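S.K.: Before I ask anything, let me first share the structure, which is written out below as structure tokens.
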Amino acid sequence: MKVTLATDGGQAAAIRLGAPPKVVNTDTLPANAAAELSQLVAAAVAAPEERRPGRAPDAMSYTITVEDGDRSTVLTQSDAAMSPEFADLLSWLEKHLAQR
């Protein structure tokens, strides 16, 4: 399974303009990390999207694309409206990607 994280917006958007998405491939992870990522992805996919009224002009938006075999799932949420499950997956990805 390949998981791609792309970010957009926020106060520092101009700094990241054109930055490529970051990718995690379960084939390159230790078995326990790959299993944890798979569980987080499943929970985020199953969770309903958070819907909050109002606008947040400086909010970051996050797109997580999950490619598993011939199936592709795209999850998009923002700082202004994010499910707890999406937040858990995002946090795991950001932590893992920062360690590389």
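The values are calculated or read from the model by the stated rules, or taken from the named source; none is laboratory data. Fair warning: this is a prediction, and the values are worked out from it, not measured in the lab. Glycine gets a Cβ as well: all are built from the backbone with ideal geometry, and neighbour counts include every protein chain shown. Please note that ligands, DNA and RNA were not included when accessible areas were found on the heavy atoms of the full protein model with its side chains. Shrake-Rupley method; radii C 1.70, N 1.55, O 1.52, S 1.80 Å.
S.K.: Can you name the residue in the range 18-52 that is under 21 Å from Glu85 (Cβ atoms) and open to solvent by 90 Å² or more (accessible area, probe 1.4 Å) and, of all such residues, is modelled with the lowest pLDDT?
M.R.: First, the residues of the range 18-52 that are under 21 Å from Glu85 (Cβ atoms): 21-24, 26, 29, 32-52.
Subsequent filtering for residues that are open to solvent by 90 Å² or more (accessible area, probe 1.4 Å) retains 22, 32, 39, 48-49, 51-52.
Numbers: Lys22: 93, Asn32: 97, Gln39: 98, Pro48: 84, Glu49: 74, Arg51: 67, Arg52: 62.
Selected residue: Arg52.
S.K.: Hey, could you check the range 74-89 for residues that are of a type outside the set (Ser, Thr, Tyr), within 18 Å of Val3 (Cα to Cα) and touching a strand residue (DSSP E or B) at 6+ places or on another chain (Cβ under 7 Å) and say which is surrounded by the fewest Cβ atoms within 10 Å (Cβ to Cβ)?
M.R.: Going through the qualifying residues, I end up with Val74.
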